[in-house]
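Report on one structure; see the data block that follows.
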Amino acid sequence: ALLLGYRLLKGNYKQSVVNPGVMEAANTEPVDLEDLKLLECIGRGRYGSVFRAVSNQRTVAVKVFSGHHHYATERSVYLLPLLRQHDNMAAFMGAEERITSEGRTEYLLVMEYYPLGCLGVYLSRYSPDWPSCCRMLHSATTGLAFLHAELYRGGIQAAVCHRDINSRNILVRGDLSCVLSDFGLSMTLTRTGLPLQGEEEHCAISEAGTLRYMAPEVLEGAVNLRDCESALKQVDVYALGLVYWETFSRCSDLYPTGESVPEYQMVFQEEVGKQPSFQDMQRLVSRDKQRPSFPWKDSSLAVRSLQDTIEECWDHDAEARLTAQCAAQRLADLLAPNTRSPALYNHRNLAEGSKMAAD
Ligand code: ADP
Ligand code: MG
Ligand code: MG
């Protein structure tokens, strides 16, 4: 029905506003928009919906925005010179604006379709082992470190802050490597702290991503605007720490064999439930400085160093947080051969590890 519905809609489209029928610079083979058929809605957010779609027998994902603002922002990030070659960014295939039969303009972003969906949904279904958790998060963190790096982007040295890091904006590939997506709130910043030209209309700096993942300084309205670039990177890393917690909470190797892995929980679900208010989050994260508690009992060296890493990501003091680059290195270390078996319950170094932990 959806397919049919879309075909009808498509038939009624007036001429496209820009580049009729032709997709903009794409990093893979161009997608034929004329042949694009939306099949099923796979995600509905604040500013639009994401569909699984086909174009010339190829499955793609299409994000349909009703407003121009977040579309333009997300598109501008995908169009940054180096971004599209990076392995940990969702693969962008094109963008187009078009007018519906009702005269409304719709904005479309076409990207690769990731059948496993986002990390949050993946974790609600599967409990990955230690190496998989490390690899998934290492790849997502490498993506963030790349965004944060000051590179020449469009002739200007600039860094990008994502500003909506959460487990729904990280997509999972078949091989469990991850990519960052949803750049609708991102900001491209130059050394001077000034956004790139054309970005002035970007969302207010204080307007930030997802409530549950908001850093204390965001909840307090106390983001350091004098060093906007560093401050916004620190906000990203705080949220990343929560994603680490969310992921490792489902790590099968962190619970005794035979004991079931706890069900998937959103971050702070236990503390504030499923629909926290801004005030709830403010009280919890900012006033009471609470963070999710670690649900596992494993106290091996590797697990302790994981906990340290997580705590250094979500530190109350924004300036004390790890950089994304450093967090990526920590995850790589956690995967290194000498620490790859932290799952004391499942490995013979149980006694050894506990002894070391007790020392
Ligand atoms: P919003 O800005 O509305 O949050 P997102 O870009 O985050 O939109 O997409 C919403 C959801 O749709 C994601 O959380 C994810 O579950 C799903 N999704 C988005 N892009 C893809 C994709 N390329 N492949 C598979 N699922 C996707
Ligand atoms: Mg999203
Ligand atoms: Mg978004």
Study note, to complete from the structure: Between Ala95 and residues 5 or more places away or on another chain, the pairs with built amide H atoms under 5 Å apart involve Glu24, Val110
Check your understanding: What is the list of residues in segment 45-84 whose amide nitrogen lies under 20 Å from a point 7 angstrom out from the Cα of Glu102, following Cα to Cβ?
Key -> 45-51, 63-71
Review point. Taking the Cβ-Cβ separation of Asp129 and Asp308 as r and a Förster radius of 22 Å, what is the calculated FRET efficiency to the nearest 0.05?
Key: 0.55
Check your understanding: Using alpha-carbon pairs under 8 Å, 6+ residues apart, how would you state the relative contact order of segment 86-138 in percent?
Key -> 26
Exercise for review: Report the relative contact order of segment 79-169, percent, no decimals, based on alpha-carbon pairs under 8 angstrom and at least 6 residues apart.
Suggested key: 27
Exercise for review: Tell me the label-point distance for the pair Arg287, Lys274, using the 7 Å Cα-to-Cβ offset, in nm and rounded to one decimal.
Suggested key: 2.6
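FYI, it's all coordinate maths here, none of it is from the lab. Please read all numbers here as calculations on a predicted model, not as lab measurements. Note: ideal-geometry Cβ built from the backbone for every residue, glycine included; neighbour counts use all protein chains shown.
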